[in-house]
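Quick notes on the structure that follows.
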Amino acid sequence: MRDDREALRISRRAVLAGAALVPVAAIAGASEPTAPVFSTGQRRTLEAFVDRLIPRDETGPSATECGVLTYVEKALAGPLAGEKASLLEGLAAVDVVARTAHDKPFVELAAEQQDSVLTSIENNSATGFQPDSRSFFQRVRRLTLEGMFSDPFYGGNRNFGGWDLIRYPGPRMAVSAEEQKIRAAIKPVRTSARGGTRGH
């Protein structure tokens, strides 16, 4: 890293580097939330968190613009319901770290201060997390990647923004001989693997 400010920045490139590890259909049996999963404050904290992992820039939309929160809410209302309590406790701990370091809740911090808080959580130097802060950071990062790049059927990847970002052309039953030569960009197919155009 070139300087201290750069060292604190959560790199969008580093986050996206793990995107290839995320299956296109990250969760099965997604359901619509029957009740709000997050309070207003919890939602704002998570939005700020994921948007520092994947902020809007010249290459594409932010995590929240791609529907990551919708994905997480649907997951916690269904197959990941058992993780809800620990995720909410972690979000509360994020605010404690922010208030301790900067005397403000996480959502009110400047971008550089938010990055500093997230760096301490990722580096496992923040306290108040179970089992530890690095595990919480990695779980939120994983959910963010799933929400960005999974099939839109699951609530994220709004308008196929995640697929556009990594130049994934979408699921198809066959690829022509010319497309297999990879001499030109493959024309995107705007459809969900579960059927229909589910790009919201």
**Asked** So which residues in segment 51-87 are acidic (Asp, Glu) and not in a helix (DSSP H, G or I), if there are any at all?
**Response** ASP57, GLU58, GLU65
**Request:** Restrict the check to segment 183-191 and report whether at least one residue is among the hydrophobic types (A, V, I, L, M, F, W, C), touching a helix residue (DSSP H, G or I) at 6+ places or on another chain (Cβ under 7 Å) and open to solvent by less than 40 Å² (accessible area, probe 1.4 Å).
**Result:** no
**Asked** Among helices (runs of 4 or more DSSP H) lying entirely in segment 114-200, which contain 2 or more residues that are farther than 18 Å from GLU65 by Cα and either modelled with pLDDT under 95 or aromatic (Phe, Trp, Tyr) (or both)?
**Response** 133-149, 177-180
**Complete:** The residue from ARG99, ARG43 that alone is touching a residue at least 12 places away in the same chain (Cβ under 8 Å) and among the charged types (D, E, K, R) is ARG43
**Request:** Answer yes or no as to whether PHE136 is surrounded by 22 or more Cβ atoms within 10 Å (Cβ to Cβ) and either among the hydrophobic types (A, V, I, L, M, F, W, C) or within 22 Å of GLY41 (Cβ to Cβ) (or both).
**Result:** yes
**Message:** So LYS104 passes all but one of these: (1) over 26 Å from LEU165 (Cβ atoms); (2) in contact (Cβ under 8 Å) with a residue 24 or more places away in the chain; (3) outside any helix (DSSP H, G or I). Which condition number does it fail?
**Reply:** (2)
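Before we move on, is GLY170 within 23 Å of THR59 (Cβ to Cβ), over 13 Å from the mean Cα position of the chain (by Cα) and surrounded by 15 or more Cβ atoms within 10 Å (Cβ to Cβ)? Even if it seems obvious, please write down each step before you answer.
Values: within 23 Å of THR59 (Cβ to Cβ): yes; over 13 Å from the mean Cα position of the chain (by Cα): yes; surrounded by 15 or more Cβ atoms within 10 Å (Cβ to Cβ): yes.
Yes: the conditions hold for GLY170.
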**Message:** Pairs please, first residue from segment 128-153 and within 14 Å of LEU87 (Cβ to Cβ) and touching a residue at least 24 places away in the same chain (Cβ under 8 Å), second anywhere and of a type outside the set (Asp, Glu) and not in a helix (DSSP H, G or I), Cβ atoms under 6 Å, 6+ apart in sequence or on different chains.
**Reply:** SER133/ASN124; SER133/ALA126; PHE136/PHE129; THR144/ALA63; GLU146/VAL22; GLU146/ALA26; GLY147/GLY156
**Fill in**
For LEU80, the lone unmet condition from (1) under 30 Å from ARG190 (Cβ atoms); (2) crowded, with 23+ Cβ neighbours inside 10 Å is (2)
**Item:** Residue that is more than 15 Å from VAL37 (Cβ to Cβ) and not aromatic (Phe, Trp, Tyr), where the choices are LYS104, LYS84
**Value:** LYS104
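The values are calculated or read from the model by the stated rules, or taken from the named source; none is laboratory data. Here the structure is a predicted model, which is why all the values come from computation and not from measurement. Ideal geometry is used to build each Cβ from the backbone, glycine not excepted, and the neighbour counts take in all protein chains shown. In case anyone asks, the SASA skips ligands and DNA or RNA and just uses the protein heavy atoms, side chains included. Shrake-Rupley method; radii C 1.70, N 1.55, O 1.52, S 1.80 Å.
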